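A quick write-up on the structure given underneath.
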Amino acid sequence: MIPTRRSARAATLSRAAETPLLGFRAMAFSVAALAALAAAGAVRAQETSEGSSTSAEAEAGAEMVTQHGIATFPGSLKYGPDFEHLDYVNPDAPKGGEMSTWAFGGYDSMNPYSVKGRADRLSSTPYESLLTGTADEIGSAYGLLAESLTFPADRSEVTFTLRENAAFSDGSPLTAEDVLFSYEVFRESGLPSFRSVLREQVDVAEVIDERTIHFTFTEDAPKRDVIQTVGGLPVFSKAHYEENGLDLAENSMTPFLGSGPYVPGRIDVGQSSSYERNPEYWGEDLPINVGRNNFDTLRLEYFADYSVALEGLKGGAYTFRQEFSSRDWATGYDFPAIDRGWIVREELEDGSIATGQGWVMNLREPQFQDPRVRQAMNLLFNFEWTNEQLFYGLYQRVDSFFENSELEATGLPSEEELAILEPLSADLPEGVLTEEVPVAPTSGARQMDRTNIRAANALLDEAGWEVGSDGLRRKDGRTLSVEILNDSQTFERIVNPYVQNLRSAGIDASMERVDQAQATERERPPFDFDITTQMLGQDNIPGAGLKQYFGSESVDTSVFNKAGIQSPAIDSLIRTIMEAESQEELNVAARALDRVLRHMHVWVPQWHNPAYLVAYYDIFRHPDPLPPYALGSMDFWWYDAERAEELSAAGAPL
């Protein structure tokens, strides 16, 4: 499985979020994000290439070119066809030991590709795809199951040749028939938002022989990422799927049969899960895998409470923790295991695009129809006070859906942006063409910033929501009521002050505390919530995945379009992004999209942390420096058996 390139470091105590089918996003490494994805539940520029000129033939107009990988835009892949290992791994890393971490809540399914049930956070680990990405490039993908791919310069078709020894974990051969079957299952039974992508972009998929599969793409489909789209689909065994009567659309405790380096081990439903390294893994010696998949066991422990989970680290219930609570990071790590040197506490640089975390407003609800109401909601959250009083100054404010990247819109629209936006003027929010892009408001040191409250009151007055004798705002006999959905006990300390500020402006605001299962259910169609927290940050090379978050066709079906966005202008901008043929064109189109979304005021942006905050028993080692786009704890870290023996002898709870 190919995770998204988005850093899996949600900000303070954000809860689990579903991830889209990952082959539709920028390509990335195979297991690297899973530890952080598990711990936070949340879940990314391009390096100057001095490597091979693998796409030179295609650029020169050759009719067909056969390569070991593919780059999104014309130019060299970083790694040539004869590379020995990725630059950021330790090729001599020892194999062995266990990496364990924690996750919030529980699970009742081993199917990560269905909206039904709650899948184990590591349940995608056993699956591989034809192509995979790296943690030091953006937009490049290399053969994993595929030995090579052959395609023309216009990328209107592609032929994948499978590696001769590719096999499932039970030893049965992985063939082109399995690839075709997996594609067809995702096309027919996958989430509606990516079923439509496959149906729109792929015209014909056909097996040529046992090791060869060919895809022909529809004539009008954007071609930039389409090869990576089909190359990123997880592959599982057709025979096993049919023999066990499995259904991709249903939750099930029977995992599909994959080909990855790890297989399911001990599964304690809702409590813990483990995955064992397959000693017969077919791809062990591939250059793309050298120095990776180093642990014998990956284990996940579930906790229903964040504070209890931290105690679990102290007691040795698990050995690696990525911290998402600024309060715990600042005050919770003063205990004997730290003092004795048993547990290492580090802040590691994170160069990835921000998560785009924010409170999203459900635009399907009548109280959010007027953008002035949505602007007022934004004004009433005091980030500066929250950061100082609750976050110990560790966080930075989010402004953009592409925060911390060159895709972020700034200031007034450029001439290039206007060339894209002006033809869409009839469908654009007010001010897009003439005003600077909105940024998150700045508040004062007091929780209730009176300047912003006055500005919010003025907007609500303009929108016709008048304050009654009881202090609540009403319009046409209906009270302006909003409910913030929250499934985190610790997040309450952040939500409650915001609720107080909302109420000071006459909004009948409240927090609805639910458990994880209830939150998951209510955030899915038919979207039974007013406001909820979501990660909306996108990839450095966004593409078809934007449809799942912002496309009109996904408004009633996609679990990712929680805000209910539907706009012809946004649909057009997504198409322009998908058709961009250079990094410069993509930058301009993405900035235009970012500008329009921000002028819509669909969210109250929250915060992000530019560093990974990690604490772990001093039995793990990692590359130094880390690659720019991944923490990679379960991917390319390794186990120090000698140090583990020393700690055990000293009494560490290992």
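The values are calculated or read from the model by the stated rules, or taken from the named source; none is laboratory data. Remember, predicted model here, so these are calculated numbers, not experimental data. Because the Cβ atoms are built from the backbone with ideal geometry, glycine has one as well, and the counts that use them run over all protein chains shown.
Here are some notes:
- In region 492-509, the count of residues that are modelled with pLDDT of 95 or more, of a type outside the set (D, E) and over 30 Å from R327 (Cα atoms) is one or more.
- Single residue of region 577-630 satisfying the filter (small (G, A, S) and at pLDDT below 95) that is surrounded by the most Cβ atoms within 10 Å (Cβ to Cβ): A630
- The one condition in (1) of a type in the set (S, T, Y); (2) touching a helix residue (DSSP H, G or I) at 6+ places or on another chain (Cβ under 8 Å); (3) within 22 Å of Y302 (Cβ to Cβ) that Y275 fails to fulfil: (2)
- Considering residues of region 165-186 that are touching a strand residue (DSSP E or B) at 6+ places or on another chain (Cβ under 8 Å) and part of a loop (DSSP other than H, G, I, E, B) only, the residue surrounded by the most Cβ atoms within 10 Å (Cβ to Cβ): L174
- Taking each residue of region 200-215 that is surrounded by fewer than 18 Cβ atoms within 10 Å (Cβ to Cβ) and looking for partners that are in a strand (DSSP E or B) and modelled with pLDDT under 95 with beta-carbon atoms closer than 7 Å, six or more apart or interchain, yields nothing.
- Where G411 falls short, out of the listed (1) in a loop (DSSP other than H, G, I, E, B); (2) modelled with pLDDT of 95 or more; (3) touching a Ser or Thr at 6+ places or on another chain (Cβ under 9 Å): (3)
- Hey, L198 assigned by TED's automatic domain parsing to the domain that holds L257 and within 22 Å of W282 (Cβ to Cβ) or not: no
- Of all residues in region 512-534, those satisfying the criterion of being in contact with a Leu (Cβ under 9 Å, 6 or more places away or on another chain), of a type outside the set (D, E, K, R) and surrounded by 18 or more Cβ atoms within 10 Å (Cβ to Cβ) are A519, F529, I531, T532, T533.
- Residue in region 466-474 that is under 26 Å from R595 (Cβ atoms) and either in a loop (DSSP other than H, G, I, E, B) or not polar (S, T, N, Q) (or both) present: no
- Considering region 535-590, and only residues there that are of a type in the set (S, T, Y) and not in a loop (DSSP other than H, G, I, E, B), the residue that is nearest to the chain's Cα centre (by Cα) turns out to be Y549.
- Region 484-513: number of residues that are assigned to a strand (DSSP E or B) and either touching a His at 6+ places or on another chain (Cβ under 9 Å) or closer than 25 Å to R454 by Cβ (or both): 5
- Y88 vs. criteria in a loop (DSSP other than H, G, I, E, B) and either farther than 30 Å from A519 by Cα or at pLDDT 95 or above (or both): yes
- Residue within region 347-356 that is surrounded by fewer than 20 Cβ atoms within 10 Å (Cβ to Cβ), within 27 Å of the chain's Cα centre (by Cα) and over 27 Å from R643 (Cα atoms) present: yes
- Flag if A649 is of a type in the set (A, V, I, L, M, F, W, C), over 26 Å from A440 (Cα atoms) and outside any helix (DSSP H, G or I): no
- The residues of region 247-274 that are among the small types (G, A, S) and closer than 15 Å to P126 by Cα, listed by number, are G258, S259, G260, G265, S273, S274.
- Listed by first and then second residue, the pairs linking a residue in region 72-83 that is over 22 Å from V230 (Cβ atoms) and crowded, with 16+ Cβ neighbours inside 10 Å to a residue that is among the polar types (S, T, N, Q) and modelled with pLDDT under 90, with Cβ atoms under 8 Å apart and 6 or more places separating them unless they lie on different chains, are S76/S49; S76/S52; S76/S53; S76/T54; S76/S55; K78/S49.
- Within region 98-107, the set of residues being touching a helix residue (DSSP H, G or I) at 6+ places or on another chain (Cβ under 8 Å) and either at pLDDT 95 or above or part of a strand (DSSP E or B) (or both) comprises M99, T101, W102, A103, F104.
- Some residue of region 223-244 being part of a loop (DSSP other than H, G, I, E, B) and surrounded by fewer than 18 Cβ atoms within 10 Å (Cβ to Cβ): yes
- When E415 is tested against the conditions (1) crowded, with 22+ Cβ neighbours inside 10 Å; (2) more than 28 Å from the chain's Cα centre (by Cα), the lone failure is (1).
- Count - residues of region 316-326 that are at pLDDT below 95 and either surrounded by fewer than 17 Cβ atoms within 10 Å (Cβ to Cβ) or aromatic (F, W, Y) (or both): 1
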